[in-house]
Ligand SMILES: NC(=O)c1ccc[n+]([C@@H]2O[C@H](COP(=O)([O-])OP(=O)(O)OC[C@H]3O[C@@H](n4cnc5c(N)ncnc54)[C@H](OP(=O)(O)O)[C@@H]3O)[C@@H](O)[C@H]2O)c1
């Protein structure tokens, strides 16, 4: 048996403690699966944690000391945040140690520099746990689908957003109510911005897109739109059209460049993707040879995330984890890899327009859309959902368009909102039919 792989874990919160539990409880099985045993060699713990017993493993208050400990072969960064975590990962790589991290915020902000450093040092920087928790999606992209040109990646990669939209759909409750419940249940943070505005999903999508398309990690270039404008009525209307509303993260290669976007979207209800409920995550990948493949599972939680962290450690123990990450793929990148602005996106749209219930309004709506070359796929006028504004009765007009350039849809929305009969803002949700992908 080779010398054990010395593991230094920095940050012993939800994920860190779950990793320690897994290594302690499943040590025998893990040892049989790799030529090197996994050995806990150091903990980085800035203060004692009630209920956590380090046993005989040395504890450092200074995280950087873990990276310098000669018994540590791999530093496992599970602290979160971007400043101290960056300093720790940089030091570990500089010391020639492998790094395993679950930190998508760190990688989306500093990943290019850190992967460059790892490559220069010839050491692995592994990050399976940073996207979709327990789902081995990095491995699927990097290894299982290595023979494919990746055409698109679509994900439900923020469990909080999926929980909120699932509850809104099932119970017909408004966004703010369900968000408050998600916070009570511990699914959403006190400040939910990262989740409900799509920032967390944009971080993860930028990592997936980098690997899929060989482009730099650029979460700032991911277009994102939050969930707060979706109402319970929209779920009913979408259902009547045969769709569900899901928190979609999409990276798609087009001739002109890459569409990188995170927003609520209508997806056909008969697709497996639409059936992914609650805090579950899913990632669907379209490869040119294999076609669409779907991966579903727990996207968060200590044990599920620990499963991914330990998978990276097992790769290191087997010597199968290389210093390859996105950089090796980068060399393959050819033209058309720039992120497109949202005006260049191309998809069908769902529009909800509230308008006076007077003759001729539908004709005006149709005229505006057709003047922008946008075809209507389906249309409903929901008289039963009418509202009264003084003497005037208003009704929602809900329609699906065929695929169109987003710039044309933007112009049509501006023109629709300028119609005297239209009240308030028009809601536009993008539609992802998948079949056309
Ligand atoms: N939880 C999940 O389901 C999940 C899923 C996927 C990925 N992740 C990622 O995994 C990482 C850890 O998440 P978590 O949920 O385990 O977080 P957590 O429960 O808040 O634990 C983080 C731990 O790191 C320590 N820590 C934080 N900043 C530190 C610093 N600057 N110096 C020293 N120690 C520091 C904290 O110490 P104190 O206790 O002293 O504050 C805490 O014990 C994050 O990057 C997160 O995005 C989490």
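Worth a mention:
- Of all the options 371, 161, 210, the one that moves most in a Gaussian network model of the chain with Cα springs shorter than 10 angstrom is 371.
- Among 389, 26, 432, the order by Cβ neighbours within 10 angstrom, fewest to most, reads 389, 26, 432.
- Normalised by the number of residues in the chain, the mean separation of alpha-carbon contacts (under 8 Å, six or more apart) gives a relative contact order of 16 percent.
- Listed from fewest to most Cβ neighbours within 10 Å, the set 225, 143, 239 follows the order 143, 239, 225.
- With the helix formula -39500 (n - 2.57) applied to DSSP H stretches of n ≥ 4, the chain reaches a computed 222 nm mean residue ellipticity of -10500 deg cm²/dmol.
- Compared with the dominant Cα axis of the chain, that is its longest principal axis, helix 83-94 is turned about 50°.
- Euclidean distance of C-alpha centroids, the stretch 15-40 and the stretch 257-306, integer Å: 29 Å
- Note on 288, 346, 263: ascending count of other Cβ atoms within 10 Å places them as 288, 346, 263, the fewest first.
- Of 290, 59, 72, the residue with the greatest mean-square motion in the GNM of the chain, using alpha carbon springs below 10 Å, is 290.
- Note on the chain: the alpha carbon radius of gyration divided by the globular reference 2.2 N^0.38 Å gives 1.09.
- Computed lengthening from residue 31 to residue 370, 0.36 nm per intervening residue step minus Cα-Cα distance: 115.5 nm
- With both residues required to sit in the chain, DSSP beta bridges show an antiparallel share near 70%.
- Helix 199-213 axis, angle to the chain major axis (alpha carbon atoms, nearest 10°): 70 degrees
- Taking only the Cα atoms of the stretch 137-298, the ratio Rg/Rh comes out at 0.97, with Rh defined as the Kirkwood radius.
- For the stretch 183-205 versus the stretch 100-148, the gap between their alpha-carbon centres in whole angstrom: 21 Å
- Taking each residue as 0.36 nm, the span from residue 382 to residue 48 lengthens on full extension beyond its C-alpha to C-alpha distance by 114.3 nm.
- Approximate spin-label separation residue 176-residue 435, in nm, with each point projected 7 Å along Cα-to-Cβ: 4.0 nm
- Helix 14-25 and the longest principal axis of the Cα set of the chain meet at an angle near 50°.
- Taking the empirical scaling 2.2 N^0.38 Å for compact globular proteins as reference, the stretch 1-82 has a Cα radius of gyration ratio of 1.06.
Quick note: the coordinates plus some simple rules give every number you see, no bench work behind them. Since this is a predicted model, take the numbers as computed values, not measurements. Every residue, glycine among them, receives a Cβ derived from its backbone with ideal geometry; neighbour counts consider all protein chains shown.
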